[in-house]
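> Provided herewith is a single structure, encoded as structure tokens, for subsequent inquiry.
The values are calculated or read from the model by the stated rules, or taken from the named source; none is laboratory data. What you see is a predicted model; the values in this text were computed from it and never measured. Neighbour counts run over all protein chains shown; Cβ positions are idealised from the backbone, glycine included. What goes into the accessible areas is simple: the full protein's heavy atoms, side chains included, and nothing from ligands, DNA or RNA. Shrake-Rupley method; radii C 1.70, N 1.55, O 1.52, S 1.80 Å.
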Amino acid sequence: MQTNHPIVLLLIMLPLMGTSCFRGGENEYKRYNHFQPGKVWLDNDSIHINAHGGGILVRGDTYYWFGEHKTAGRHGNRALVGIGCYSSKDLYNWTNEGIVLAVSQDTASEIIQGCLMERPKVVFNESTGKYVMWFHLELKGQEYTAARTGLAVSDHVTGPYTYIRSFRPNAGTWPMGFTEAQKNRIDNTSLEWWTEPWELAVVDGSLARRDFNAGQMSRDMTVYVDDDGKAYHVHASEENLTLHISLLTEDYLDFEETWTRVLPAGHNEAPAIFKTDGKYYMITSGCTGWAPNAARLSVADQLLGPWEYLGNPCVGEGADLTFDSQSTFVLPVPGKKDTFIFMADRWKPTNPINGRYVWLPIRLETGQPVIAWHDAWDLSIFDQ
Ligand code: GAL
């Protein structure tokens, strides 16, 4: 049987699509004029938006929200359908643009149904005119051991995206500032984890040395395009202990040989980056899987570092667990100077399709980004 025939594919997808629609109970979609963090958020079809671990690309007067399409039940975190996209003109009301990168039914494909595709981020390359999607890929049946970054490309923002390849980045290249001594150090691989000598070795680069030939691990990730058009791939590496920031090639389709280690042994993931007043800020989380922990804010004068840890940007009740959520993206609101929305996921690991979105305004007036809880808010908050 030919499995790539459209009718055969539809028959395979139908039962999955049934489980992939989380309706907001009796709620019917009515136009929104505000955000309600943590509440069911209906799309134009009255279905809870399904775009987890997402990111937003702005094109013209339209926002495009890309995210993981989750399904119901205990396997719902696996990629059973693909990466979805929604569009909006106002950030409150979202139209389902469908699955833009579908999982494959081909057993030889790296994105075969049942793999893990997480935290997709799409950027537009001005010089090639291509939409470039990077995402965290874990190969089917291998849990989180593959730790690869995946790449897909399209000529159209709403796809379809063509899957290109996945890999562990920066194979055979050393990070910026690595000394000859660090490059040549012979590591004691029997050090017990979470001891001081082990931590010092990680800070010194023992895991980056371990993965020098095969390429560096790449899990939670984001892509950041700077004002000069240069794009950077930011990912949790070294067993989630150290973040890596890597310069992408001019076409955004590959890694240059320029990369840096950030907050070594700091145990950060879920990175989201924004820039204001000449400074780069990064919000991350600690590493506690689907369970929330306290967000972390770091600052740098240059994207490639050095980065300095500042503390928890969240304030008020719930701040110690990031209001029961984990960072995924920071959106600069176009046309409003120094206006940023913190986007986070409230994961529901036993029924992932029910995962919620926590979007909150970032306040800058104290000189340092601050995030406080709001039951409901709208963009006029930035005019106050
Ligand atoms: C989280 C991570 C998610 C997902 C999850 C799996 O820490 O941020 O994207 O990978 O772990 O347990």
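> Give the long-range amide H neighbours of Thr258: residues separated by 5 or more places, or on another chain, with amide H under 5 Å away, using H modelled in the peptide plane at 1.01 Å from N.
Leu247
> With the Cα gyration tensor of segment 309-368 in hand, convert its eigenvalues to equivalent ellipsoid semi-axes via √(5λ) and list them largest first in whole Å.
So the three semi-axes of segment 309-368 are 23, 16, 8 Å.
> Lysines within cross-link reach of Lys336: Cα-Cα under 30 Å, excluding same-chain residues under 8 positions apart?
Lys30, Lys39, Lys89, Lys121, Lys130, Lys230, Lys275, Lys279
> If you build the Cα gyration tensor of segment 47-167 and take the root of 5 times each eigenvalue, what three semi-axes come out, in whole angstrom, biggest first?
In descending order the semi-axes read 23, 17, 11 Å.
> Could you pull the Rg and Dmax for segment 267-375, using just the Cα atoms, both in Å?
13.5, 42
> I would also like to ask the following. Under 10 Å, Cα contacts only: if you run a Gaussian network model on the chain, which one of Ala295, Ala108, Ala272 comes out with the highest mean-square fluctuation?
Ala108
> Turning to a different aspect of this structure: Within a Cβ distance under 9 Å of Asn96, other residues only, what is the Lys/Arg minus Asp/Glu net charge?
Every neighbour counted, the sum reads -3.
> Right, next: Run the dipole for segment 230-384 about the Cα centre, Lys and Arg Cβ at +1, Asp and Glu Cβ at -1, nothing else charged, and hand back the magnitude in debye, nearest 20.
Computed about the Cα centre, the dipole is about 280 debye.
> Place the peptides 202-210, 31-39 in order of packing, highest mean first, counting for every residue the other Cβ atoms within 10 Å and averaging per peptide.
Highest to lowest by the protection proxy: 202-210, 31-39.
> Determine the calculated [θ] at 222 nm for the chain from helices alone, applying -39500 (n - 2.57) to every DSSP H run no shorter than 4 residues and normalising by the residue count; nearest 500 deg cm²/dmol.
Computed mean residue ellipticity for the chain: -2500 deg cm²/dmol.
> What are the GluC sites (Glu not before Pro) within segment 256-360 that DSSP puts in a loop, where the Cβ has at most 11 other Cβ atoms within 10 Å?
Here the GluC sites (Glu not before Pro) that fit, given the DSSP loop and packing criteria, are Glu317.
> Moving on to the next point. If the viscosity is 0.692 mPa s and the temperature 37 °C, what translational diffusion coefficient in µm²/s does Stokes-Einstein give for the chain when Rh comes from Kirkwood over Cα pairs?
Answer, rounded: 154 µm²/s.
> Quick one: accessible area per residue over the chain, 1.4 Å probe, rounded to a whole number of Å²?
I get 44 Å² per residue for this part.
> Sort out for me the Cα centre separation of segment 178-254 from segment 363-384, rounded to whole Å.
Measuring centre to centre over Cα atoms gives 34 Å.
> Using alpha carbons only, how many angstrom separate the centre of segment 262-304 from the centre of segment 79-104?
26
> By a straight-distance test (C-alpha under 19 Å), which lysines pair with Lys140 as possible cross-link partners, with residues fewer than eight away in the same chain excluded?
Hits, sequence-local ones excluded: Lys70.
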